Amino acid sequence: MNAETIWPPIRLTLELAGVTTVFLLLLGTPIAWWLARTRFRFKEAVAALVALPLVLPPTVLGFYLLIALGPDGPGGFVARLFGERSLAFSFPGLVIGSILYSLPFTVQPIRGAFEAVGDRPLEAAATLRASPWDAFWTVAVPLARPGLIAGGVLGFAHTVGEFGVILMIGGNIPGATRVLSIAIYDHVELMEWGTAHLLSGSLLVFSFVVVAVTLSLQKKMGGRDR
Amino acid sequence: MNAETIWPPIRLTLELAGVTTVFLLLLGTPIAWWLARTRFRFKEAVAALVALPLVLPPTVLGFYLLIALGPDGPGGFVARLFGERSLAFSFPGLVIGSILYSLPFTVQPIRGAFEAVGDRPLEAAATLRASPWDAFWTVAVPLARPGLIAGGVLGFAHTVGEFGVILMIGGNIPGATRVLSIAIYDHVELMEWGTAHLLSGSLLVFSFVVVAVTLSLQKKMGGRDR
Amino acid sequence: SAGTPSGGATVRVAVAANFTAAAREIAAAFEDATGDGALLSFGSTGQLYAQILQGAPFEVFLAADEMRPGLAEREGLAVPGSRRTYAVGRLVLFSAEAGRVTGPDALRDPGLRRIALANPALAPYGRAALEVARALGVEDILRDRQVIGQNVSQAHQFVRTGNAEVGFLALAQVVRSADGSRWLVPERLHGPIRQQAVLLEAGRQNPAAARFLDFLGSRAARKILRRHGYRAEPPAPHGPGGP
Amino acid sequence: MTGSGTAPGALEVVLGGAVGELRIEAVFEARPGETTAVFGPSGSGKTTLLRAVAGLTRLSGRLALGPATWQDDRRGVFVPAYRRRIGFAFQEPALFDHLTVEGNLRYAERRSGDPEGDPCVSFVEVVERLELHQHLERMPAGLSGGERQRVSLARALLARPAALLLDEPLSGLHRTARAAILPWLRALGEASGMVILYVSHDLGEVVDVAHRIAPISSGSVTGAAPAAEALDRLPAGDLLSRFEAGSVLTATVRARLPALGLSELDLGGQSLRVPGAERPAGTEARLRVRARDVALATEAPTAISIRNVLRGSVIEVRDLPETPFAEVAVGFADQRLMARITRDAASELGLETGREVFALLKTVSFDDP
Amino acid sequence: MTGSGTAPGALEVVLGGAVGELRIEAVFEARPGETTAVFGPSGSGKTTLLRAVAGLTRLSGRLALGPATWQDDRRGVFVPAYRRRIGFAFQEPALFDHLTVEGNLRYAERRSGDPEGDPCVSFVEVVERLELHQHLERMPAGLSGGERQRVSLARALLARPAALLLDEPLSGLHRTARAAILPWLRALGEASGMVILYVSHDLGEVVDVAHRIAPISSGSVTGAAPAAEALDRLPAGDLLSRFEAGSVLTATVRARLPALGLSELDLGGQSLRVPGAERPAGTEARLRVRARDVALATEAPTAISIRNVLRGSVIEVRDLPETPFAEVAVGFADQRLMARITRDAASELGLETGREVFALLKTVSFDDP
Ligand SMILES: Nc1ncnc2c1ncn2[C@@H]1O[C@H](COP(=O)(O)OP(=O)(O)OP(=O)(O)O)[C@@H](O)[C@H]1O
Ligand SMILES: Nc1ncnc2c1ncn2[C@@H]1O[C@H](COP(=O)(O)OP(=O)(O)OP(=O)(O)O)[C@@H](O)[C@H]1O
Ligand SMILES: [Mg+2]
Ligand SMILES: [Mg+2]
């Protein structure tokens, strides 16, 4: 175990989790908003659809993703635009897989928070001539902040620990798709327990700090005890 | 592929997901309640702790669980009371692993829902001589129902699809620990695509129905558009 | 050790997870010997095969069995005729407890609860374990007490953590530890556990890929293999077809 | 409401529909620069009506503010709430809990579409009038009920609306605070030319603030009449109006009597003293007189503390059913005054149409909050 | 408040503390069977005080209801809210949104610890009095503001409390509805012997419901005095009291005059007619008389509609600073009546202590909502 083999997976993991979390929020927030506000009859079916990737074992999901991202799938089509054969085994591919797999954990708390905001503040904003877009950003999002933070944290943590999907679509390629979880697993396979424990421990401590600090940002608004 | 090999994993998966969900709710609800209501300074640290198992790759988590459940861990101690060597490779062991791994997804939405209930209804209940325990069941829980349902659904779905942890501590014993996700994975590994597709498809459809129906139970309370 | 020496070419190698430790040493020796670099990706054989099918950029495939390389050849994913057995695994009955395993009789111990093995449907070591049980006439005992790991390294973890008292493992996994107790299963009790390698289409144009494949048969590589508990067969390519 | 005679900038309301078991049927017009009180008991549909005008609840019909059509079902027009130039103070103040009080007010001001700031409705003035200065930095969650209401009202004002919709905005305030705010609000409406719809169940409040009154009962509004007329017209048996019912008189200031703190008014040649010496001579004064405050005499009384004695003649005497009272309308020049006295007294004094009487008005009765 | 003289079951309040910038300092006692109004302007700490009494907000000091000590910091006693026999109607009704209206009421009733049901506070009667029958099946989210308040009040009542804490429970109701509820509430308190703390900023409401008044201003309550006394004592310059200030007279019903819809009362030998012929002869009647409604004369007036003329003598004349008015206290037997007239009139009539005067009271002024 040396710096050369330890740092690239860590860097890659943080990059992946960071980028994925950003996309999760960008994608999950509008979905959550729609789910919270629409009166569409079958919205719960859509909600279920978002949660569905969860029920597949990650490696199986990874397998289907592999096909979808591969040369014969839509991913391959996109990849060819950039002169590649496949989106699998690439960083963008990992991001896509992670998003799909962590999306429900981001959508759910945000949806809950949006629902808790209720109609009233949005009606008030409308009477103050805030367009729906304006009200979304200036009223709904700030009021739902705790939910957004929780969604981001869960998505981040889930991506850090994600394994099956990434192993399947990433291919454990050092420096490109070999993230920390896979590296730890490799050490376990090699029976390098010491390194595995150390990496796991550092991952836990690091994540604990990130998660605890982020969650603390949820600090309550003003408030008297009434 | 025949009924004999297909049904036991399905039954087992439903049993596992069902039992786990019940325990998740039993365990997650008080934790969520505490997190929502306490003024303990470091409660976010506790919240982070709950979310922590997430960041470990499931197989690594599974490895540590294997140690914990094994003859030298607390699990072994408990197992010996029942004349067993280890809690691994047993249904209770799977339940423990699944709970640990899915807990954050149950706690988070429930916590959010409890927080959204706010102080008011609980204060009102207190002035009506409802003890905290009474008010919890008759006011907080009904008002937080959407969050409880969401938490249960996410926990259920996550347990159905769980793989790494179960793989690690289950031992793939037909009828005892060979759940659907592992069965599907085996078929994928064996390149029995047809069976894998069929099982995956059925799993998706079944889960879709369960999740969609459950989520629809969240129906809104009465309500005028004000 | 997976880095690329300046000047030389690099070969991307997909390696079956159970061969991880040996592969690393071989890659290092390969770099020293040729100046080329080898970039190793580990995974289960089935997973690696699926990835190769989907255009993974691997040039050499070191599988844990002979089925997948054969399949790759037939499906046109590999360069025909490049397939060869690079290592033959040895099965061992192992226990973390000293003195528990002295011979095949360990399997008949009535106090024995759990026997770990790799999934016979997926892993050659698992299949071999089954054959051994059949040969020893302890099939029923095995069926009742088996706990199956997805691969042999999981079976190893079951045994190492004491959750299973004994297990059929790869010699490679325990060759370098002196503790516990073991019985090296005679090769006549099961079919050979051949691990085959193949040159993939992606590596056809990369001379370093061919060099890596050749290096597997070299004296230096075979020495490493033996040290890791494998038996090395002569570097002659096998005939077409498989099991 | 026919289009003819619609003042420019008037709010035209023709709405119908049902909420729960209540049928709404509202046809009226509210004029710019005027405050129109929507007045009726609890559950009569006031909130529903205001929400429909704002575009928050959908009823069917037609809504227009001056040239801008907000809703016209026949033409398929429905302008969403955020495109209507309104300000809305909800019955239960809907403050933004994530912003300070000042943040709430600035939120409205920034979107008022009036970057210069309407001189009629300046931030500083609104804050001062509604006594919010010491709360500006606070979060809404810590405010008292009355404080929240005032912030809500201030926010609606700072949206600088063309139509200000107020749903019982001062129900949590004590009378003095109300008495200070209402005339200012009324004047603000006059100065800025906005339409104000003021929902209240308190006739005292309504009379203080409203130019016109649109009574609502069981969801039905049939029109908005000038306050004086509406007060006179309110059904006599309507319990609601018993206490507050009365007349509005228009007089001219004849002289100021600063030493006494009084003004002397001219009412068709007769003199009247009211509290307050601020109004300059020659200006018009609007006086509300509750019927319950008026006594009648058939001879000019002497040695009595009541200073205001107006001579007139009985126009009408009508019994108030189910009460011991009668209401007597007394005319002076072209104005009329209602007096409520016991039927007993009315008959003993021989009051009947045409009879000459003296109406007795305590000065203090003009000093109501 | 010293323990001596504490009525059994009285609520003893000695609380202090700070919320935000407001210092709370409350020392008073509320008696069982009586309604004590906590009366003061917005932001004066009324809600805070009630919450502290309920145990929802923590101030320091001592709280006891009869023999039960709810809080005593010196002895480290603090009984949590749910162990206090209270009922609380919050200023912003906190209904349970997951239960129907009936569900809300039954929730309270089931926990009232009184399975038989207090005959004074029966479900049926409460629902009927507060006109909730047609809403029982509905969910709270669809109710109008006034309806929500009534449900909240009903729920607090059905908790069958020993101390009923009401925070502006009727602010969303029109006067008639209020006028119907308040006397009933007062009587209910009398019959059941509970302590009622009634928060209001409306003196009219306070006078109608309260036996005692505990004025609060800037967080300070120094005691609860009988309503008549408190009204008389309220600082004259206090704008709040201007309109409503007055006296409370106690009279005996002498005769009923059903034909006229009136009753004749005896006030220390003099006669007085008031609306309503329901009270049986011989019973006591409590009359509130606003100072603004009383006129004075130095000679018995004739040919006038004012029926009630009481002879008495001036006890005191005091100017109301910053107004054109003076207040004249007139004594009859052992009671006193306040009249508010212009200073001008007071001096012209030569009113001074000891002078014999006639107080003129319109019958209708007793008919206030
Ligand atoms: N969605 C609904 N379903 C059923 N009934 C409704 C609904 N919305 C309103 N109502 C009823 O319609 C009536 C009018 O309600 P609204 O809120 O407009 O009354 P309001 O005049 O504002 O009363 P308040 O003075 O008490 O606020 C009420 O009885 C209310 O319960
Ligand atoms: N947590 C707090 N932080 C700061 N100020 C507070 C807090 N709680 C209450 N206050 C202030 O204390 C004062 C008293 O509040 P309270 O709610 O008791 O008033 P109130 O008499 O009930 O007024 P209203 O009639 O408007 O309801 C108010 O000015 C309020 O803003
Ligand atoms: Mg309303
Ligand atoms: Mg208050």
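Overview of values
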| quantity | calculated |
| --- | --- |
| Residue match in region D:55-78 (condition: away from ligand 2 (no atom under 16 Å from the Cβ) and under 23 Å from residue B:118 (Cβ atoms)) | no |
| Strands (runs of 3 or more DSSP E) (entirely within region C:130-190) containing at least 2 residues that are within 11 Å of another protein chain (Cβ to nearest Cβ) | C:146-149 |
| The listed residue being away from ligand 2 (no atom under 16 Å from the Cβ) and on the phi < 0 side of the Ramachandran plot, out of D:151, D:101, D:126 | D:126 |
| Residue list for region E:317-347, filter: part of a strand (DSSP E or B), within 26 Å of residue D:296 (Cβ to Cβ), among the aliphatic types (A, V, I, L, M) and in contact with a Ser or Thr (Cβ under 8 Å, 6 or more places away or on another chain) | E:326, E:330, E:337, E:338, E:339, E:341 |
| Within region A:41-58, considering residues that are more than 7 Å from chain B (Cβ to nearest Cβ) and within 16 Å of the chain's Cα centre (by Cα), the one farthest from residue B:215 (Cα to Cα) | A:53 |
| Matching option when the condition is within 24 Å of the chain's Cα centre (by Cα) and buried (at least 17 other Cβ atoms within 10 Å of the Cβ), among E:297, E:329 | E:329 |
| Region E:149-180: number of residues that are in contact (Cβ under 8 Å) with a residue 40 or more places away in the chain and more than 16 Å from ligand 4 (Cβ to nearest atom) | 17 |
| Within region D:4-105, strands (runs of 3 or more DSSP E) holding 1 or more residues that are within 14 Å of another protein chain (Cβ to nearest Cβ) and within 16 Å of ligand 1 (Cβ to nearest atom) | D:11-19, D:22-30, D:35-39, D:86-89 |
| Given (1) within 14 Å of chain E (Cβ to nearest Cβ); (2) modelled with pLDDT of 75 or more, index of the condition residue B:165 fails | (1) |
| Condition met for residue E:196 (within 20 Å of residue E:50 (Cβ to Cβ), away from ligand 4 (no atom under 16 Å from the Cβ) and touching a Ser or Thr at 6+ places or on another chain (Cβ under 8 Å)) | yes |
| Residue satisfying all of: in region E:207-230; within 13 Å of ligand 2 (Cβ to nearest atom) and within 13 Å of the chain's Cα centre (by Cα); surrounded by the most Cβ atoms within 10 Å (Cβ to Cβ) among these | E:214 |
| Search result, residues across region A:150-205 that are within 22 Å of the chain's Cα centre (by Cα) and polar (S, T, N, Q) | A:159, A:172, A:177, A:181, A:200, A:202 |
| Qualifying residue in region C:145-166 (condition: in contact with a Gly (Cβ under 9 Å, 6 or more places away or on another chain) and closer than 16 Å to residue C:85 by Cβ) | no |
| Members of region C:118-129 found to be out of contact with any strand residue (DSSP E or B) (no Cβ under 6 Å at 6 or more places or on another chain) and either among the hydroxyl-bearing types (Ser, Thr, Tyr) or in a helix (DSSP H, G or I) (or both), listed by number | C:127 |
| Residue A:32 vs. criteria touching a Lys or Arg at 6+ places or on another chain (Cβ under 7 Å), buried (at least 16 other Cβ atoms within 10 Å of the Cβ), within 13 Å of chain B (Cβ to nearest Cβ) and of a type in the set (Gly, Ala, Ser) | yes |
| Enumerated strands (runs of 3 or more DSSP E) restricted to region C:14-117, each holding at least 2 residues that are more than 14 Å from chain A (Cβ to nearest Cβ) | C:84-89, C:91-95 |
| Filter result for residue C:41 (surrounded by 24 or more Cβ atoms within 10 Å (Cβ to Cβ) and not basic (Lys, Arg)) | yes |
| Residues satisfying the stated conditions in region E:143-164, i.e. away from chain D (no Cβ under 12 Å), in a helix (DSSP H, G or I) and of a type in the set (D, E, K, R) | E:155 |
| Residue satisfying condition, being within 16 Å of ligand 3 (Cβ to nearest atom) and surrounded by fewer than 23 Cβ atoms within 10 Å (Cβ to Cβ), within set E:125, E:92, E:190 | E:92 |
| Region B:27-79, residues that are among the polar types (S, T, N, Q) and at pLDDT below 85 | B:59 |
| Long-range neighbours under 8 Å by Cβ, at least six apart or interchain, first residue facing chain E (nearest Cβ under 9 Å) and at positive phi within region D:283-311, second surrounded by fewer than 21 Cβ atoms within 10 Å (Cβ to Cβ) and of a type in the set (Ser, Thr, Tyr) | D:303/E:298 |
| Matching residues, region E:117-157, being more than 25 Å from residue E:214 (Cα to Cα), more than 16 Å from ligand 1 (Cβ to nearest atom), of a type in the set (A, V, I, L, M) and touching a helix residue (DSSP H, G or I) at 6+ places or on another chain (Cβ under 7 Å) | E:121, E:126 |
| Residue B:98 vs. criteria within 14 Å of chain A (Cβ to nearest Cβ), touching a Ser or Thr at 6+ places or on another chain (Cβ under 8 Å) and on the phi < 0 side of the Ramachandran plot | yes |
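Per-residue answers, yes or no, for (1) part of a helix (DSSP H, G or I); (2) more than 17 Å from the chain's Cα centre (by Cα):
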{"residue": "B:19", "(1), (2)": "yes, no"}
{"residue": "B:24", "(1), (2)": "yes, no"}
{"residue": "B:29", "(1), (2)": "yes, no"}
{"residue": "B:35", "(1), (2)": "yes, yes"}
{"residue": "B:65", "(1), (2)": "yes, no"}
{"residue": "B:87", "(1), (2)": "no, yes"}
{"residue": "B:101", "(1), (2)": "yes, no"}
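The values are calculated or read from the model by the stated rules, or taken from the named source; none is laboratory data. All figures in this text were calculated on a predicted structure; none of them were measured in a lab. With ideal geometry, Cβ positions are generated from the backbone for all residues, glycine too; neighbour counts draw on all protein chains shown.
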